[in-house]
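K.L.:
Before I ask anything, here is the structure I am working with.
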Amino acid sequence: MKKLIGLSLGTLIGISHIGMIGMIARKESFPKLNLPIGEYTSYSVIANKDGYSINYRAHDPRIMATITKSERPGGFLGLGKKKSVTEQQYTMEGAAHTQVSNGGGLSANEIACLKKQGSGEGTGRLVGGSLGTAAVTQTGMASIPIIGWVLAGATTMMGMDQGAEIGGSMAKDFAKECEDPNSVSDSV
């Protein structure tokens, strides 16, 4: 009888210990948080026996940036390279912080830059056309039977196009209005 009482008491104590371990393991020490979690949210929770604190940010990062690196012909006659790095900051909704909104039109500096570039293209086209014509007359290309006039016209047009491209890029490189305030440029 003593063995039966001892065995039943030991079983009862063993089962109660296992039950208490299960209850402690299932007990949640932190409250359930219903934080809106998204792609641009962040939060940190610091919890201890005394309580907890939450640091929550809805639009994190608040300002994002894109960095664009480009290299284009620059310098005298477009023989050098001009490297530029442009950084544009914007919010999650896409609103740019670096651009001043003026109703969707061009700013005064952008208009001045376009005028300078167009003027350079016109001057370059005139110079390129005259150089193409000089090449035609010096080489006697126009006197080739049947196709001479086509070759002469094509050479003059190619000279005009190249002159316009070089003249426009030179005018844009030398105009202060065309400098992007967000870019850092190094001429090589």
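K.L.:
Among (1) in the same structural domain as Ala171 (by TED's automatic domain parsing); (2) at pLDDT 80 or above, there is one condition Gly78 misses while meeting the rest; what is its number?
P.N.:
Exception for Gly78: condition (2).
K.L.:
When you look at Val136, is it modelled with pLDDT of 80 or more and either aliphatic (A, V, I, L, M) or exposed (fewer than 13 other Cβ atoms within 10 Å of the Cβ) (or both), yes or no?
P.N.:
Values: modelled with pLDDT of 80 or more: yes; either aliphatic (A, V, I, L, M) or exposed (fewer than 13 other Cβ atoms within 10 Å of the Cβ) (or both): yes.
Against the criterion (modelled with pLDDT of 80 or more and either aliphatic (A, V, I, L, M) or exposed (fewer than 13 other Cβ atoms within 10 Å of the Cβ) (or both)), Val136 qualifies.
The values are calculated or read from the model by the stated rules, or taken from the named source; none is laboratory data. Computed from a predicted model, the values in this text were never measured in an experiment. Cβ sites come from the backbone with ideal geometry, for glycine too, and all protein chains shown count toward neighbours.
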